Structure formats: C-alpha cells, structure tokens
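See below for the structure under consideration.
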Amino acid sequence: MSSTLPTDLARGAYDTRHRAVKATGGQAVPGAVPAGTWTHQNRASRATGALTPCYGPRGIERREGRGSSMRIAVAGATGNIGALTVAALDRGGHDVVRVSRSLGVDLSTGEGLDDALTGVEAVVDVTNSPAADRAGTVAYFHAATGNLLAAERRAGVRHHVLLSIAGVDRVEGNAHYAGKREQERLVSAGPVPWTIVPAAQFHDFAAMVASWAERDGVAPVAPLLVQPVAPADVADVLAEIVAGEPQGRYVDVVGPEPQDLVDMARRTNEARGHRVKLVPSWSATFGPEMAGDVLLPGENARIAPTTFDEWLARQR
C-alpha cells in the first residue's frame, strides 16, 4: 500500500460514494472509498469558527449549528476524540448534542439517555472504558453499548456510527480489544442501522504507552509497527460518515506512513522535553501477538492527510 497521498481529491467523491451506498441498501461498497480519499470539504472546514453553546435537559449541551442540517449526538463528547468530533460537526453546521457522564448522562446505567436523544437523527459513539481488566472492559462496553442502542431505537435514531480499532479481530490477548469486539458485536446485531469505523492508533499513542510503564525514568515499550493517524483527521471522517447513509463496516482509517512505536515514543518525548530511557520489550503492555504487520491496515485503507512529523512539530 502506498504511503503517499493521491492528488486526485475529487470534490464529488463523497457524493459518489453515498449514492453507491444507497443503491446497495446501506451496505459497504468495496472499492467505493479509494485509499487516500479526502475531500476538499474536510481540508477547508477547519477555517470556520466556533459556535455558541446552549443547554438542554439534564445539563446536556446542545450546540445550534449555523444552517444545521441534522441533530447528531456524540457519546463520549468530553474526551479528546469526542471533543474533536463535536468541533468537526459544528463546522459542518449540525446541531450537536454532547453526551457524557459529566453532562448528566451515564451510559453504563442508561440514566439521562432518553432526554439526550430526543430528536436525534444519528449518533457517533467514541466512548472509552474506565476498566483495565478484560472482564471489566467487556462488561462496561456491553452495558454502555446495549443501553445506547436501546435508547436510540426508542428515539428513532437512523444511523449509529462506532469508532473502533483497525485490526481489532487479529489481537486476542488485549483487554481493550476484547471490549471493542463486544461493542462491534452488539452494534452489528443491533436494532439501529450502523457504520463501524476502524481507525489506527493515534499519533500520541506511543508516548501514552510509555507513560503507563515508566518507572524511575525507564519505560519498556513494545516494538510495534503501526500506521498512526491524527485524531483530528479521524474526527473529520466520523463527522462526514455520520451525516450520510449507514455503510456497514468501513475501511481502515490510517495515517500516511508506518512508524515504529519505540521511535515514536522517543521522538514525542524529546519534542515535549521529557527525559526517559526507552527499552524495546514485550514485557509491558503489549505482547508478541501484536508483532509484525498485525496492526497495519487492510486493503483499500483510507489514508488521512496528517503525517506523524507534522503532528510532532506541533508538540514542540
């Protein structure tokens, strides 16, 4: 797979794909999303300004978009990728409902969900699990996703978009991957038409992994091969997809080029002025079952534009 961005970013690529999806009853269309497709709309959208928030029931923040075309809820809206997705939807002129526990909605119990989803046409789920062990992670995602889908059915939501992980089916021993597989299972068998968007690891992932394992200035880091992607690019993809028709399982969304996780962590820490000795090792967070090309994207991946070097330059 080429690591370079194609130059034929046709303005009509987005509409063409969605016409094809409608013709197949909302299923994924092989080859309908060429690797590297990134519309002019995505690139230009960040130039627009922020919107003024107003508030709905139970402290759920509703953002009224200029010329809004859809009411869309973002579950996990206060996290990093959630906040970026809210911003991308705002720029697209949508009426965005921010859903999180801090705003009065608890997905694990369902409290506040019915109020939050009143009038909502589509939902983006970018939630994460607070649990660390496998059983706890799977249980959390099972409850949260089940409650969310049930509330969407009651509200008449027409499209559920789940952010997942590229290669999630190829890794058995990781607790988080097990939880995401449970999410995918519930969504694909659930009552709401859906799109699952598998994305690669984010650009800040390597330094975060090193911080988990760091002790006395030393951090073991697994020598994983990944093709990291900028969170803002993923947010733009999610905002684009949720406003369209359900597509089933979407292609992998990845960055322009493969990277070594140890080198990424070293360069990120240097850019941030953090001194730590990194030791390539399978003894910490990840095991050798994730070695080789396990985490690299599948065929026809969508290549997002931001390189690791570009992201790194903003960390200095």
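Let's test the formula: R0 of 25 Å, r as the Cβ-Cβ distance of Arg272 and Val218. What FRET efficiency results, to the nearest 0.05?
After rounding, the FRET efficiency stands at 0.90.
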query: So which trypsin sites (Lys or Arg not before Pro) in region 173-279 end up in coil per DSSP with only 12 or fewer other C-beta atoms within 10 Å?
result: Arg275
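Ignoring ligands, DNA and RNA, what accessible area per residue does region 96-138 give at 1.4 Å, in Å²?
Normalised by residue count, the accessible surface of region 96-138 is 40 Å².
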- prompt: Using a simple spin-label model with points 7 Å from Cα along the Cα→Cβ vector, what separation in nm is obtained for Ser188 and Ala175?
  reply: 2.5
message: Assuming 0.36 nm per residue, please report the length gained on full extension of the stretch Glu310 to Asp293 beyond their Cα-Cα distance.
response: 3.7 nm
field: Built amide H within the under 5 Å cut-off of His159, gap 5+
entry: Val123
task: Can you grab the distance from the C-alpha centre of region 92-167 to the C-alpha centre of region 208-261, Å, no decimals?
output: 21
- request: Calculate, for region 165-316, the solvent-accessible area per residue in square angstrom, rolling a 1.4 angstrom probe over the heavy atoms of the protein chains.
  value: 39
- prompt: How much length, in nm to one decimal, is gained on full extension between Ala135 and Thr118, taken as 0.36 nm per residue of separation minus their Cα-Cα distance?
  reply: 2.9 nm
query: Considering only DSSP states other than H, G, I, E and B, which GluC sites (Glu not before Pro) in region 159-238 qualify as loop sites with at most 11 other Cβ atoms within 10 Å?
result: Glu172
task: Can you work out the PRE-style zone for Glu257? Point 7 Å along Cα to Cβ, and I want the residues of region 214-238 with backbone N under 11 Å.
output: none
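The values are calculated or read from the model by the stated rules, or taken from the named source; none is laboratory data. No experiment lies behind these values; they were computed from the predicted model shown. Neighbour counts are summed over all protein chains in view; Cβ atoms, including those assigned to glycine, are modelled from backbone coordinates with ideal geometry. Ligands, DNA and RNA are stripped out before the accessible areas are found, and what is left, the full protein with its side chains, is counted by its heavy atoms. Shrake-Rupley method; radii C 1.70, N 1.55, O 1.52, S 1.80 Å.
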